[in-house]
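The values are calculated or read from the model by the stated rules, or taken from the named source; none is laboratory data. Note that the structure is predicted; figures quoted are calculated from it, not measured. Neighbour counts run over all protein chains shown; Cβ positions are idealised from the backbone, glycine included.
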Amino acid sequence: MARRMNTRTRIEKHRSTNPCDYQNLPRPVAAMAKEFADGHHIAPHSHARAQLIFAARGVMTISTPLGAWAVPPQRALWMPVGTVHEIRMSGDVSMRTLYVRPDAAGGGLPSAIRVIAVTPLLRELILRACALPPLYDESGPDGRLMSLILDEIAALPTLALDLPMPRDARLLALCQSLRADPGDARTLEDWARQSGASARTLARLFRKETGLGFADWRQQARLLAAMARLAEGQPITRIAYDLGYESPSAFAAMFRRALGAPPSRYFVGSAG
C-alpha cells in the first residue's frame, strides 16, 4: 500500500513523463504529455497498454517490423498492446499519448495498428485529457471525457498513411533502400537485375506482401518522407527534387491528391 501511495504522490505532483508510470494506473485511460527535439529517436519498445500516439506539433515516423506510419498533427496512430515499435521525430514534436487499458470500452477498440483522423473535437479532447490529474475522478466529468475519447477512436475511419514492409528477403532489401532514398528513380527492371529476381517476380511479390504495386509503394514512401521533411522546415522545392519529382508543382499535386491540402498549407494551424 505504501508503495502505491508513493507512486500516486509522485505522479500527481510532478506529472511524470516516464511511460512506465502510466501502465498500471487504476484508470482505464492514462494521458501523458512530452516534448521532443527534432531528430530524437525512441528505441524499439512495447507497452502493457494500447496507445493512441498523437503530436500536437511536428511529425512522428513510427515503425514496426511490419511497416512504417507517418503521423502528422492531423493524424494519430493506434498501437495495440504489446506491439514493438520505434519512433523518430521530425521537427520539434509535442507528443500527447493516451495509454488505454485492454479492457477499456468493452473490447470495441481496434485490434490492429491504424492511423485515424484527428478531428477538431478529438484534438481538444486529447489535449484536455493530458491536462487532467492522472488519478482523475472516473465517476465525474473527467471520466465522461475519457469515455468520449474512446468512442471517438472506435468510430473514426482508418487512413492510408502506412508503408507496409514485405517479408521476402529480396523485396525487403529493395524496400529498405527506397526508404533510405525515396528519390531513387530506378525502375523495377533495374531493381530486378540487382536482386537476381525477375521484374515479374518482384511485381508479384509487391502485390502479395504489401498490397501495393511498385509505383504505388514508392509514392507512399515519398509521401511519408515528404511529411517528415516539411516538419523539419525544408523548402518545398528541395523536397520535390530530392524525392524524384520533375517539378515542385508535380510534387504538390501528388501531395494534395493524397492528403487533401498542398504541402505549403498542410501544417498551417497545427501548432498547439
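Computed values, structure above
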| quantity | calculated |
| --- | --- |
| So residue 126, is it of a type in the set (A, V, I, L, M, F, W, C), within 30 Å of residue 229 (Cβ to Cβ) and touching an Asp or Glu at 6+ places or on another chain (Cβ under 9 Å) | no |
| Exclusive hit being within 29 Å of residue 117 (Cα to Cα) and modelled with pLDDT of 90 or more, set 148, 156, 161, 174 | 148 |
| Residue 162 vs. criteria farther than 25 Å from residue 18 by Cα and surrounded by 18 or more Cβ atoms within 10 Å (Cβ to Cβ) | yes |
| Residue in region 98-113 that is farthest from the chain's Cα centre (by Cα), counting only those that are at pLDDT 95 or above and not aromatic (Phe, Trp, Tyr) | 100 |
| Criterion (surrounded by fewer than 18 Cβ atoms within 10 Å (Cβ to Cβ), at pLDDT 80 or above and in contact with a Cys (Cβ under 7 Å, 6 or more places away or on another chain)) met by exactly one of 33, 37, 48 | 33 |
| Subset of region 231-265 [closer than 19 Å to residue 90 by Cα, in a helix (DSSP H, G or I) and modelled with pLDDT under 90] | 231, 259 |
| Out of 154, 221, 203, 197, sole residue that is closer than 28 Å to residue 264 by Cα and either loosely packed, with under 13 Cβ neighbours inside 10 Å or in contact with a helix residue (DSSP H, G or I) (Cβ under 7 Å, 6 or more places away or on another chain) (or both) | 221 |
| Members of region 68-99 found to be touching a helix residue (DSSP H, G or I) at 6+ places or on another chain (Cβ under 7 Å) and at negative phi, listed by number | 68, 70, 72, 78, 90, 96, 98, 99 |
| Any hit, region 74-97, residues being modelled with pLDDT under 90 and in a strand (DSSP E or B) | yes |
| Residue within region 181-199 that is within 16 Å of residue 70 (Cα to Cα) and in contact (Cβ under 8 Å) with a residue 12 or more places away in the chain present | yes |
| Evaluation of residue 167 against (1) surrounded by 14 or more Cβ atoms within 10 Å (Cβ to Cβ); (2) under 22 Å from residue 85 (Cβ atoms) (one fails), failing number | (1) |
| All positions within region 110-124 that are farther than 25 Å from residue 84 by Cα and in contact with a Ser or Thr (Cβ under 9 Å, 6 or more places away or on another chain) | none |
